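Here the structure is laid out as structure tokens; the discussion comes afterwards.
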Amino acid sequence: MEILIEGLSYVYMPDTPFSRQALNDVSLRIPSGTFAAILGPTGSGKSTLIQLIGGLIRPTAGKIQVGPHAVHHNSKSGSSLRKHVGVVFQYPEHQLFAETVGRDIAFGPKNQGLTQGEIDERVRLAMQWVGLSPELAERSPFQLSGGQMRRVAIAGVLAMQPDVLVLDEPTAGLDSRSGRELLETIYQLQRERRFTVILVTHDMDEAARYADFLYILSDGRCAESGPPAQVFSQPEKLREYKLDLPEISKLVLRLNERLNPPLPLTIFRLEELERELLTRKGEFG
Amino acid sequence: MIGQYIPGHSPLHQMDPRAKLLFVFAYMFAVFLANNPATYGLLVLFTGIGIYFSRISLSVFYRSMKPVFILILLTSLLHLWMTRGGEALFSFSFLTIYEEGVRQAIYISIRFFLLMAAASLLTFTTSPIDLTDGMESLLKPFERLGVPAHELALMMSIALRFIPTLWEETEKIKKAQMARGADFESGHVFKRVKSYIPVLIPLFISAFRRAEDLALAMESRCYRGGKGRTKWRELHYSHLDVVLLLLFVILLTALWLLRK
Ligand SMILES: Nc1ncnc2c1ncn2[C@@H]1O[C@H](COP(=O)(O)OP(=O)(O)OP(=O)(O)O)[C@@H](O)[C@H]1O
Ligand SMILES: [Mg+2]
């Protein structure tokens, strides 16, 4: 589903000495079926933005539209968005509660009012998607490793088969390999099923590798947006928002100091770089 | 929130927490000396001056006292209903309101307000750390009688430190379960209580994890109780505290002279 955000503002604890404007007049559009990444330094309002998209908090001003469902500052609740947007919070393994993995994943589908048969099928599928073997379904989620727990938590949201999947720093605290595997899984799933994914991340390489569109938040405003090739072609601007280039782009720039003609700056995957270099080797060598 | 600390530099903020604690304690008794309009008026004036010098905006003050106002309203209604004596002012079938009832309702409301205002002023202008330090220092002389002053203060400061953390955590878990379709608002009481299970279990698990982490962190920094422990932040009385003491003596004398 397409996501349209217009003039969105959010103030925490309004009318108190502690009030704090987390978002300030943000407007952006995320096309249906794309993989979007939200980047920005700490405190820039990323988590606030996704909670608004997920219908979990109500905006102070402005509008959020997900497909045909819109929420304004004076809407009664965000429940119309909640039905279509699945939000995976940071450290989602902290919200596991059921006796078994299967029952925890079934919590969402059950709340959707599905039949037991459908629920079982959803749980089975979700576990398969995130790469959890079926016999784990009967285990207690608290006996699993951190990475497995996170997969269970993500499966719990995937089992609801939302039209929009939002992930807040899903790889935080995982080792780099399980982090990459997790994102690869989600990426493949997104390509197959064509739902919309919004990934919040601090990792430029993750964003460059998977996202079709990037949105950069800075101080509660959407400072920059566009495809990775465009956003990462302006390193000076990125520094302004306290962000860095992806490691791979830095490598390409270093190689370009010695290569003629230079490599294109649109390479964001190691495999692509390898392929490019090999074809050149074929041409010249 | 009632009496959440609001950082500032007002005279009330700068007073020693021990002086403020003792004052509020004594003030609670002083309030019960009042028994006629003059004395109540004096106390209201005194509290008003206190609010003024705390530099806390009236709207913030009012908002934090709101739940208290509901309580005040309830108790004064009860008094209107129940207290008999004096002339009957108003009568309607089973309900008769007496002069004494009205007087009691007004006095009780004022008393309630005065007590809550003093307590709020204390917590508004004293950081939780200062508050526990002050309490520990005041309880110290009773240690010989077996009062575990240091442990009590430590328990209180840990509790105060973690209330906001656990509150935030609750909100976060609640939102996460709401994102999975949990509904905390509708249904009858039993269903609503049951709907909190997916929030409470993770909350307990995280509280235990935090407790373990904290114990480990304290131990690895060689914490071994209050004996022989010195303080980084020491409390000092200043001239402001003497002013407070003088004011209190004047207030007491005035109350004594004005009361019937
Ligand atoms: N519950 C809250 N109460 C008050 N202020 C908050 C709350 N949550 C966030 N804020 C404030 O709102 C601003 C934006 O916070 P947000 O969590 O959206 O940032 P973020 O971009 O997700 O940061 P990070 O990368 O650290 O997760 C911050 O300045 C933060 O202090
Ligand atoms: Mg965040």
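The values are calculated or read from the model by the stated rules, or taken from the named source; none is laboratory data. Computed from a predicted model, the values in this text were never measured in an experiment. When we count neighbours, we look across all protein chains shown, and the Cβ atoms used for this are built from the backbone with ideal geometry, even at glycine. These accessible areas exclude ligands, DNA and RNA; they are computed on the full protein's heavy atoms, side chains included. Shrake-Rupley method; radii C 1.70, N 1.55, O 1.52, S 1.80 Å.
Test A:I38 against the stated conditions and say whether it is near ligand 1 (Cβ under 9 Å from one of its atoms) and either in contact (Cβ under 8 Å) with a residue 24 or more places away in the chain or of a type in the set (K, R) (or both). Break it down into steps so the answer makes sense when it comes.
Values: near ligand 1 (Cβ under 9 Å from one of its atoms): yes; either in contact (Cβ under 8 Å) with a residue 24 or more places away in the chain or of a type in the set (K, R) (or both): yes.
Yes, satisfied.
The conditions are (1) within 16 Å of ligand 2 (Cβ to nearest atom); (2) under 28 Å from B:R192 (Cβ atoms), and A:E169 fails exactly one of them. Which is it?
(2)
When the residues of the stretch A:8-21 are narrowed to those that are under 18 Å from A:S44 (Cβ atoms) and in contact (Cβ under 8 Å) with a residue 40 or more places away in the chain, which ends up nearest to ligand 2 (Cβ to nearest atom)?
By that ranking, first place goes to A:Y10.
Taking the criterion of being at positive phi and within 10 Å of chain A (Cβ to nearest Cβ), would at least one residue in the stretch B:214-223 satisfy it?
In the first step, residues of the stretch B:214-223 are kept if they are at positive phi; the result is B:222.
From what is left, the residues that are within 10 Å of chain A (Cβ to nearest Cβ) are none.
No; the residues of the stretch B:214-223 include none that is at positive phi and within 10 Å of chain A (Cβ to nearest Cβ).
What number of residues within the stretch A:222-234 satisfy the criterion of being more than 16 Å from ligand 2 (Cβ to nearest atom) and either crowded, with 16+ Cβ neighbours inside 10 Å or within 14 Å of chain B (Cβ to nearest Cβ) (or both)? Break it down stepwise before answering.
Initial filter on the stretch A:222-234 (more than 16 Å from ligand 2 (Cβ to nearest atom)): A:223-234.
Filter again for either crowded, with 16+ Cβ neighbours inside 10 Å or within 14 Å of chain B (Cβ to nearest Cβ) (or both), leaving A:223-225, A:228, A:231-232.
The qualifying residues number 6.
Might you check whether a residue that is within 16 Å of ligand 2 (Cβ to nearest atom), assigned to a loop (DSSP other than H, G, I, E, B), modelled with pLDDT under 95 and open to solvent by 40 Å² or more (accessible area, probe 1.4 Å) occurs anywhere in the stretch A:91-99?
yes
Please go through (1) at pLDDT below 90; (2) among the hydroxyl-bearing types (S, T, Y); (3) more than 10 Å from ligand 1 (Cβ to nearest atom) for A:S32 and return the number of the only condition it doesn't satisfy.
(1)
Please give the helices (runs of 4 or more DSSP H) falling wholly within the stretch A:149-236 in which 2 or more residues are within 16 Å of the chain's Cα centre (by Cα). Break it down into steps so the answer makes sense when it comes.
Numbers: elements: A:176-193, A:204-210, A:228-231.
Once the helices (runs of 4 or more DSSP H) in the stretch A:149-236 are filtered for at least 2 residues that are within 16 Å of the chain's Cα centre (by Cα), what remains is A:176-193, A:204-210.
Which residue out of A:D120, A:D175 is under 22 Å from A:D203 (Cβ atoms) and either open to solvent by less than 10 Å² (accessible area, probe 1.4 Å) or away from ligand 1 (no atom under 16 Å from the Cβ) (or both)? Working first, answer last.
Details: A:D120 fails: under 22 Å from A:D203 (Cβ atoms).
None of the other options fit; the residue is A:D175.
Is there a residue in the stretch B:172-183 that is of a type in the set (G, A, S), at pLDDT 90 or above and in the same structural domain as B:L214 (by TED's automatic domain parsing)? Full working, then the answer.
Step one: filter the stretch B:172-183 for residues of a type in the set (G, A, S), giving B:176, B:179, B:181-182.
Imposing the further condition that a residue be at pLDDT 90 or above reduces the set to B:176, B:179.
Next cut, in the same structural domain as B:L214 (by TED's automatic domain parsing) only: B:176, B:179.
The answer is yes, given that some residue of the stretch B:172-183 is of a type in the set (G, A, S), at pLDDT 90 or above and in the same structural domain as B:L214 (by TED's automatic domain parsing).
For the stretch A:20-42, enumerate the residues that are open to solvent by less than 40 Å² (accessible area, probe 1.4 Å) and assigned to a loop (DSSP other than H, G, I, E, B). Spell out the reasoning first.
Of the residues in the stretch A:20-42, the ones open to solvent by less than 40 Å² (accessible area, probe 1.4 Å) are A:22-23, A:26, A:28, A:30-31, A:33-41.
Selection gives A:P31, A:G33, A:T34, A:G40, A:P41.
In the stretch A:56-72, which residue that is under 12 Å from A:I3 (Cβ atoms) and touching a residue at least 12 places away in the same chain (Cβ under 8 Å) is farthest from the other protein chains (Cβ to nearest Cβ)?
A:K63
Checking the structure you have, find out if any residue of the stretch A:106-126 is touching a helix residue (DSSP H, G or I) at 6+ places or on another chain (Cβ under 7 Å) and polar (S, T, N, Q).
no
Suppose we keep only residues that are away from ligand 2 (no atom under 16 Å from the Cβ) and at negative phi within the stretch A:22-31. Which one would you say is nearest to the other protein chains (Cβ to nearest Cβ)?
In the first step, residues of the stretch A:22-31 are kept if they are away from ligand 2 (no atom under 16 Å from the Cβ); the result is A:24-25, A:27-31.
From what's left, at negative phi: A:24, A:27-31.
Numbers: A:N24: 22, A:S27: 24, A:L28: 21, A:R29: 22, A:I30: 18, A:P31: 23 Å.
Within the stretch A:22-31, the match that is nearest to the other protein chains (Cβ to nearest Cβ) is A:I30.
Keeping to the stretch A:8-19, report how many residues are surrounded by fewer than 13 Cβ atoms within 10 Å (Cβ to Cβ) and assigned to a strand (DSSP E or B).
Total satisfying the criteria: 0.
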